[in-house]
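The values are calculated or read from the model by the stated rules, or taken from the named source; none is laboratory data. This structure is a prediction, so every number in the text was calculated from the model and none was measured. Backbone-built Cβ (ideal geometry, glycine too); neighbour counts: all protein chains shown. Heavy atoms of the whole protein, side chains included, go into the accessibility calculation; ligands, DNA and RNA do not. Shrake-Rupley method; radii C 1.70, N 1.55, O 1.52, S 1.80 Å.
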Amino acid sequence: MFVLLTNDDGIRAVGLRSLYAALVAAGHDVRVIAPMNQQSGVGHSLTVFTPLRVQRIEEPGFSGTGLFGTPTDCVKLGLASLLDRRPDMVISGINAGPNVGPDILYSGTVGAATEAAHEGIPTMAVSCCQTAPENLDAQARHVVALAGRLDWSRIPPRRVINVNYPAGPLEQAKGIRVCPQTSAVWVNGYEERRDPHGGLYWWLTGEIPPHTVNAGSDKHLLDQGYITVTPLKFDFTDRDTMTALEHMLES
């Protein structure tokens, strides 16, 4: 299988390197196109007013292309120009930190996967509930096995399979649960600080209040120690409100 691998943490991130090694060990043909710099939180953003440049990364046991751009840029430029053929699958991750509930809209990891899904390519976004992982080799091997277990012919086109791993060793996970995303949202905060020169700046903080998290949702089950799998689609049309608007605007 020909796999395009990307992420939003950057081409040197632990999760991407672990997943690359696991895919290669499983016999897959892997091409890496990933951001040169940290791109967490950029969502589905594109670079439109500056040129895109790349840098080849060749190291023992690793080969890839670093892009000075966003995760979505990586997929778009890869499909349009950098790859010599269409990939059979695109995998984005493994992200350092979860991507559940409202994170899905902010996530560059999911953004890259969404771009591939829009092109009709089977795709997975993969994250782990560790913000500074040192080793994700076990999770990476699990991702490769999970991708092989799925019957992609039964998954409708333009879908992202969003996978999140709980914190801690993989063997301590309680199992896999297919679940919806939570409807809970972040309660934002900004800490006001001063830099060494006295200049004012703000640092984003906040939380998803635990009491607002839906039982059986991705965040709830992830916090309980389960591996969560959530199929995502990106048709934002609200059909019920469409009907209501049609009635309101009848002439």
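When you scan region 141-161, do you find a residue that is closer than 23 Å to Val14 by Cβ, aromatic (Phe, Trp, Tyr) and either touching a residue at least 12 places away in the same chain (Cβ under 8 Å) or touching a Cys at 6+ places or on another chain (Cβ under 9 Å) (or both), even just one?
Scanning region 141-161, I find no residue that is closer than 23 Å to Val14 by Cβ, aromatic (Phe, Trp, Tyr) and either touching a residue at least 12 places away in the same chain (Cβ under 8 Å) or touching a Cys at 6+ places or on another chain (Cβ under 9 Å) (or both), so the answer is no.
Return the residues of region 72-87 that are in contact (Cβ under 8 Å) with a residue 24 or more places away in the chain and not β-branched (Val, Ile, Thr); say none if nothing qualifies.
Asp73, Cys74, Lys76, Leu77, Gly78, Leu79, Leu82, Leu83, Arg85, Arg86, Pro87
Give just the number: which of (1) among the hydroxyl-bearing types (Ser, Thr, Tyr); (2) open to solvent by 80 Å² or more (accessible area, probe 1.4 Å); (3) within 22 Å of the chain's Cα centre (by Cα) does Tyr165 not satisfy?
(2)
Which pairs do you get when a residue that is acidic (Asp, Glu), found in region 213-224, comes within reach of a residue that is part of a helix (DSSP H, G or I) and open to solvent by 60 Å² or more (accessible area, probe 1.4 Å), reach meaning Cβ atoms under 9 angstrom, with the pair 6+ apart or on two chains?
So the pair list comes out as Asp223/Pro210.
Would you call Val90 more than 20 Å from Cys128 (Cα to Cα), open to solvent by less than 10 Å² (accessible area, probe 1.4 Å), among the hydrophobic types (A, V, I, L, M, F, W, C) and in contact (Cβ under 8 Å) with a residue 40 or more places away in the chain?
no
For region 168-182, which positions are exposed (fewer than 11 other Cβ atoms within 10 Å of the Cβ) and without any contact (Cβ under 8 Å) to a residue 40 or more places away in the chain?
Residues satisfying the conditions are Pro169, Glu171.
Condition first: out of contact with any Pro (no Cβ under 9 Å at 6 or more places or on another chain), in contact (Cβ under 8 Å) with a residue 24 or more places away in the chain and over 24 Å from Ala132 (Cβ atoms). Can you find one or more residues in region 34-49 that meet it?
yes
Go through region 9-119 and tell me which strands (runs of 3 or more DSSP E), entirely inside it, have 3 or more residues that are under 28 Å from Ile227 (Cα atoms) and among the aliphatic types (A, V, I, L, M).
Where strands (runs of 3 or more DSSP E) fall fully within region 9-119 and carry at least 3 residues being under 28 Å from Ile227 (Cα atoms) and among the aliphatic types (A, V, I, L, M), they are 29-35, 89-96.
For Ala21, are the conditions met, namely being under 23 Å from Leu146 (Cα atoms) and over 16 Å from the mean Cα position of the chain (by Cα)?
yes
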